[in-house]
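One structure below.
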Amino acid sequence: QVQLVESGGGLVQPGGSLRLSCAASGTITSINAMGWYRQAPGKQRELVAAITSGGSTNYADFVKGRFTISRDNAKNTVYLQMSGLKAEDTAVYYCHADEVTSHPHRYLGLWGQGTLVTVSS
C-alpha cells in the first residue's frame, strides 16, 4: 500500500526557515502532480504550492517569494522550503498527490498525515 509520509515540521521564530519533506512509501511506478496544503485552526484547508511531474510550479499568493516547492522523482519525494516565516504561516501542513501508480494499482487523491509548523517567538 502506498502512503505519503511527511517530516520537517516544528517550532521556528518569525523570519526563520524550515524545510518540509514528503516521501511516498511503497513500490512506486509514477506520481503525477504533488502539492502542499495547510490548515490553520478554525480555517479551511488551502493550497500552498503544487508541482507537476515535469517540474512546473504553482504558488498561492501569500507564499510567493518566500516558499519554494521542488521534487526528486527518483526518490518519490516532494519538498517545501519555507523562509521568511510569519506567525500566520502557523498551521498543519499536508502533502498531497493527485495520482500515484504502484503497478497495477492506482491511488487517487492521497494525503499525508500532516506535520505541524508553529511560527512563534
Hz values of 3J(HN,Hα) by residue in region 99-116 - Karplus curve (6.51, -1.76, 1.60), Gly and Pro given as x: 7, 10, 9, 10, 3, x, 9, 10, 10, 9, x, 7, 10, x, 7, x, 9, 7
query: Using a Förster distance of 22 Å, how high is the FRET efficiency between residue 45 and residue 83, based on the Cβ-Cβ distance and rounded to 0.05?
result: 0.45
query: Which shape class applies to region 10-78: rounded if a/c is under 1.5, otherwise prolate when a/b exceeds b/c and oblate if not, where a ≥ b ≥ c are the square roots of the Cα gyration tensor eigenvalues?
result: prolate
message: So with the 1.4 Å probe, I'd like the accessible area per residue for the chain, rounded to whole Å².
response: 53
For residue 33, residues with placed amide H under 5 Å, excluding near neighbours: 53, 98, 99
field: Nitroxide proxy distance, nm - points 7 Å out along Cα→Cβ at residue 60 and residue 19
entry: 2.3
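Please report, as a whole percent, how much of the solvent-accessible surface of the chain comes from carbon and sulfur atoms (probe radius 1.4 Å).
With neighbouring chains kept in place, the figure for the chain is 47 percent.
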- line: Calc'd 3J(HN,Hα), region 54-63, phi into Karplus 6.51 cos²θ - 1.76 cosθ + 1.60 (θ = phi - 60°), Hz, glycine/Pro = x, comes to x, x, 6, 10, 9, 10, 5, 4, 6, 10
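The values are calculated or read from the model by the stated rules, or taken from the named source; none is laboratory data. Computed from a prediction, not measured in an experiment: that's the story for all the values here. Note that we place each Cβ from the backbone using ideal geometry, even for glycine, and neighbour counts take in every protein chain shown. What goes into the accessible areas is simple: the full protein's heavy atoms, side chains included, and nothing from ligands, DNA or RNA. Shrake-Rupley method; radii C 1.70, N 1.55, O 1.52, S 1.80 Å.
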